[in-house]
Amino acid sequence: MKTKSGMFIAGLAMVIVAAMFGPVASAGCGEPFKGQPSPVVTWMSHQENSESNGRTTIVGLWHLHYTASDGSPFLESFKTWHADGTEFENAFLPPIGGNVCFGVWKEVSHLTVKLHHVGLMFNPDGSIKATFTVDELDTVAADNKTYSGTFDFKVFDPSGNLLQEVKGTTAAMRITVD
């Protein structure tokens, strides 16, 4: 019988091999749809109730759409904001490139938060191609069911030179248990 650590190592090895032999360079949370429509999530149910016990807060699980300033879809994701000031995002991107990212956030005014998100982009051989940041300023609606704001996505080469920047807007709907 395999141990938990043995199963973890085997799973990690499969992910590394898949990343190394993937056909194209890709980014964890950073390779947006480049103007193509994002996949449609038809099984998703956004509920009326909040899980925040009546307090309006960003903390919770959200279905998020990023739209570039030219109006084109940029990225779609599920995002979880944690009360400890950390954030977890699962982008609607192929997992082989790494579609899970993390960030940190703080409240800057009533119902408004600032997020700083960092990530890596990889070459097909698994080496680091670039880094990226996403900075957001988001405001939760008074009804606690949605939030909206702005984002600034930047890609940097390994020397820290800016390669690309995309700005736009965010729009999210809360996901709840009930």
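Coordinate-derived values only; no laboratory data. What you see is a predicted model, and the numbers here were worked out from it, not measured in a lab. Here the Cβ is made from the backbone with ideal geometry for all residues, glycine too, and neighbour counts use every protein chain on show.
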Mind checking the full-extension length gain between ALA141 and ASP84? Use 0.36 nm per residue of separation minus the Cα-Cα distance, one decimal, nm. 18.4 nm
What list do you get for PHE88, PHE78, PHE151 if you sort them by fewest beta carbons within 10 Å? PHE88, PHE78, PHE151
Total charge of the residues flanking THR150 in space, meaning their Cβ is under 11 Å from its Cβ, with Lys and Arg +1 and Asp and Glu -1, is -2
So if R0 is 35 Å, what FRET efficiency would ASP178 and LEU120 give, r being the distance between their Cβ atoms, rounded to the nearest 0.05? 0.40
For ARG174, ARG55, what's the fewest-to-most ordering of other Cβ within 10 Å of each Cβ? ARG55, ARG174
Could you work out how much longer the chain between PHE102 and ASN161 gets when fully extended? Use 0.36 nm per residue separation minus the Cα distance between them, nm to one decimal. 19.0 nm
